[in-house]
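Working notes for the structure below.
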Amino acid sequence: MADGDGEEDGRQIRTLADLARVAGVSTGTVSRALAGSPLVNLKTRNHIRDLARRHGVRPNQMASKLRSRRTGVIGVVIPLGHERRQHISDPFFMTLLGALADELTESGYDIMLSRAIPDENEEWLDRITGSGMTDGVIVIGQSDQFDTIERVAEAYRPMVVWGHHRAGQRHCVVGTDNALGGRLAAEHLIERGATRLLFLGDTTGIEIAQRLTGVEQAAARIELTHFPLHLSDEEIVANIGAALAAHAAPFDGIVAASDLIAMAALKELHARGHRVPDAVQIVGYDDLPLAAQTVPPLTTIRQDIGVGAKAIVDKLRRRIEGETTDSLVMIPELIARETTRRIGGSASIG
């Protein structure tokens, strides 16, 4: 029979078994395909879904979830203990959330998104993991909540965190080697003549603290100043202006803890008449899509957010099934654009 027909051998196609017969697969394969299971290859999933749509076959998803004791929902939470005025609309969050959403929906999951402001009793994560509303939880960033995440991870297994990895920790994490990233940024500037560096970023969160550690390692023999810049949209440009005004001594290189900070610094330097990269060079961190669109295009440290999102979802899916998964520490990559000079020559602002 043709796929568009409503019957086969005189029988109406109304059940998963009927649909399996048409597709030439088992009923279990049909059920898994309609649930978006990665155990069924994408071509077969799409074929079965197309047949189901055309024949009007709609399995009782609620009953299926009740039988499996699954909700089909993944909780995604962003803790902001150290940056309470930062927003989910932050470009880094939006880029990672977009990549995670693509991976999760392709795997058949819905998403429940939360922005958590940790309170004094440290129960923000307990409330999410103990709600019974999700099959697993993704935490974007450790903020200043490393100990809380560790405590919850001892009893709650289906959780994966984007962040920094410490030897011996309990929770499964995916992220880059932040200290190496900071070192790469500083070394790049030093190789291009920078002798007085400014690090812009609040180090209350573990990832940015590690980036500063890497910068300090590379800049041990030159001048380095740290300005604890915050990431809230309302303050970032004004705070960069204050940072530039606060340092009478000239500096010739900026390592920004994020691309967002680097972009704001680029804007403020331009407003003050300082040429980039002739007077001062800048390196950001993340390699967001916007980094290549600044004027001049931003040199930055790349975190492979797409690869990271795939790894997070894969590890979470396996942990939901009861497996144990190791953390993944990705190697950062320096992407040289036009906010740093070619090797040779130096200048500074005063």
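The values are calculated or read from the model by the stated rules, or taken from the named source; none is laboratory data. Computed from a predicted model, the values in this text were never measured in an experiment. So basically every Cβ, Gly included, is an ideal-geometry build from the backbone, and we count neighbours across all protein chains shown. Note: accessible area is taken over every heavy atom of the protein model, side chains too, but ligands, DNA and RNA are not part of it. Shrake-Rupley method; radii C 1.70, N 1.55, O 1.52, S 1.80 Å.
Listing for the model above:
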item: Cα→Cβ-extended label distance, 7 Å offset, between ASP326 and ILE190, nm; result: 3.1 nm
item: For the stretch 278-297 and the stretch 160-211, distance of Cα centres in Å; result: 17 Å
item: Per residue value of the accessible surface for the stretch 86-145 (all protein chains in place, 1.4 Å probe), Å²; result: 44 Å²
item: DSSP bridge pairs, the chain: antiparallel proportion in percent, nearest 5; result: 15 percent
item: Surface accessible to a 1.4 Å probe, LEU244 within the full protein complex, Å²; result: 20 Å²
item: 0 to 90° range, to nearest 10: angle between helix 259-271 axis and the chain longest Cα axis; result: 40 degrees
item: Net dipole in debye of the chain [+1 Lys, Arg Cβ; -1 Asp, Glu Cβ; about Cα centre; nearest 20]; result: 820 debye
item: Positive-end residue of VAL255, ASN41, ALA116, charge dipole of the chain with Cβ unit charges; result: ASN41
item: Proximal charge balance of VAL276 [Cβ under 15 Å; K/R count +1, D/E count -1]; result: +2
item: Distance (nanometres) between label positions extended 7 Å along Cα→Cβ at MET94 and ALA336; result: 3.1 nm
item: Under 5 Å, built H, 5+ apart or other chain: amide partners of VAL161; result: VAL139, CYS172, VAL173, VAL174
item: Top positive-direction residue, dipole computed over the stretch 90-228 with Cβ charges, set THR225, THR105, VAL173; result: THR225
item: Acute angle (nearest 10 degrees) that the helix 91-106 long axis makes with the longest principal axis of the chain, alpha-carbon atoms; result: 20 degrees
item: Solvent exposure of the stretch 154-222 as accessible area per residue, Å², 1.4 Å probe; result: 37 Å²
item: Nearest-ten-degree value, helix 146-155 long axis tilted from longest Cα axis of the chain; result: 20 degrees
item: Mean Cα-pair separation over length for the stretch 133-193, i.e. relative contact order, pairs under 8 Å, 6 or more apart, %; result: 27 percent
item: Residue-span extension gain [ASP144 to GLU106] - 0.36 nm each, minus C-alpha spacing; result: 10.5 nm
